[in-house]
Amino acid sequence: MEKKFYTINQVAEMLDMHHKTIRKFITEGKLVASKVGKQWRISNHDLSSFMEMNNEKIDGEQNFEFSTHEASSNIVKKRINVSTVIDIDEIDKDQYMRISNTLIAIMNCKDPEVQNSTINVKYYEKENRLRVLLWGQVKFIEEMLSSISLLVDSTNLK
């Protein structure tokens, strides 16, 4: 049986993600990859396993992460992470730059609420569409959605 291997850029294109996101998955151990010289290669089997694992999480498997709060009580806290995709239509390149730079500036703040959160911004110039992918705690997602709403509303006023 012939083994098929993909580059990071090929996987990013197949999954419609940024290549840095794929690198992050590899670094975090979520996606298995092999180093060939200075380049990463992902086998078809490892890519399929990664996609199946993530599809199971999306398709309703109960995947909760628990942590113990070691203060005065031994209460088990459920930590909830949320992912969302926001498509914003009728956005020109200048508006895209302003919105994405603002969102990235928010992400670069040292607020503990932002830690362990992810943002991926992609602009489809032919369709004048901005796609924002967010992953993080509920409060982070709420704040980012509110910021996006304000940014888009102020863009529409101009």
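The 3J(HN,Hα) values that the Karplus relation (6.51, -1.76, 1.60; θ = phi - 60°) gives for the stretch 95-106 are, in residue order, 5, 4, 4, 5, 5, 5, 5, 5, 5, 5, 4, 4 Hz. Gly and Pro appear as x. Across the stretch 39-44, rounded Karplus estimates of 3J(HN,Hα) from the backbone phi angles (6.51 cos²θ - 1.76 cosθ + 1.60, θ = phi - 60°) give 10, 8, 10, 10, 6, 4 Hz, Gly and Pro being marked x. In the stretch 5-58, Cα pairs under 8 Å separated by at least six residues give a relative contact order of 35 percent.
Read the figures in this text as sums done on the coordinates, not as results from a lab. As the structure is a prediction and not an experimental result, all values here were calculated from the model.
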